[in-house]
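Okay, structure first, notes after.
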Amino acid sequence: MKRAVIFSGGAFEKPDWVALPKDAMILCADSGLRHARALGISPDWVLGDFDSSSEQPEGESVLRYPPEKDDTDTELAIKRALAMNCSHITLLGATGGRLDHMIGNIHLLFPCLQKGTYA
């Protein structure tokens, strides 16, 4: 079972009862990097156009996209996790903040369902 945890850029506060899987691949979508860093987590992948991030990460594990892309940063992270055959995806910071982003992120669960991935 391959797991992924995706940090999105929405409002996020990790409750005490949430335990992140120790074997999970960690992906940060754009400003979701700040949530991972706040928890002391080093991501395996950081991706997005970095238009909303105060940090401009560099390195081999950074996938940078042009701002004029069709997919949202969270969608890119989900597609990456699906391409890596993750069977379980945990989304954090995907429902807090802007209503349009929250609705869009809920719609992103459908491709996971189609592939048989739990999200």
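Of everything in the stretch 1-59 that is touching a Lys or Arg at 6+ places or on another chain (Cβ under 8 Å), free of Cβ contacts under 8 Å to residues at least 40 places away in the same chain and not in a loop (DSSP other than H, G, I, E, B), the residue that is farthest from Lys69 (Cα to Cα) is Trp45. For the stretch 100-114, the count of residues that are open to solvent by 90 Å² or more (accessible area, probe 1.4 Å), of a type in the set (S, T, N, Q) and not in a loop (DSSP other than H, G, I, E, B) is at least one.
Which residue out of Ala83, Ala29 is open to solvent by less than 10 Å² (accessible area, probe 1.4 Å) and closer than 24 Å to Gln114 by Cα?
Values: Ala83 fails: open to solvent by less than 10 Å² (accessible area, probe 1.4 Å).
Matching residue, one of Ala83, Ala29: Ala29.
Scanning the stretch 47-76 for residues that are over 12 Å from Gly9 (Cα atoms) and among the hydrophobic types (A, V, I, L, M, F, W, C) yields a total of 3.
Only one of the listed residues (Met84, Met102) is in contact with a Lys or Arg (Cβ under 9 Å, 6 or more places away or on another chain) and modelled with pLDDT of 85 or more. That residue is Met84.
The values are calculated or read from the model by the stated rules, or taken from the named source; none is laboratory data. Note that the structure is a prediction, hence the values are computed from the model and not measured. Because the Cβ atoms are built from the backbone with ideal geometry, glycine has one as well, and the counts that use them run over all protein chains shown. Only protein heavy atoms, including side chains, enter the accessible area calculation; ligands, DNA and RNA are left aside. Shrake-Rupley method; radii C 1.70, N 1.55, O 1.52, S 1.80 Å.
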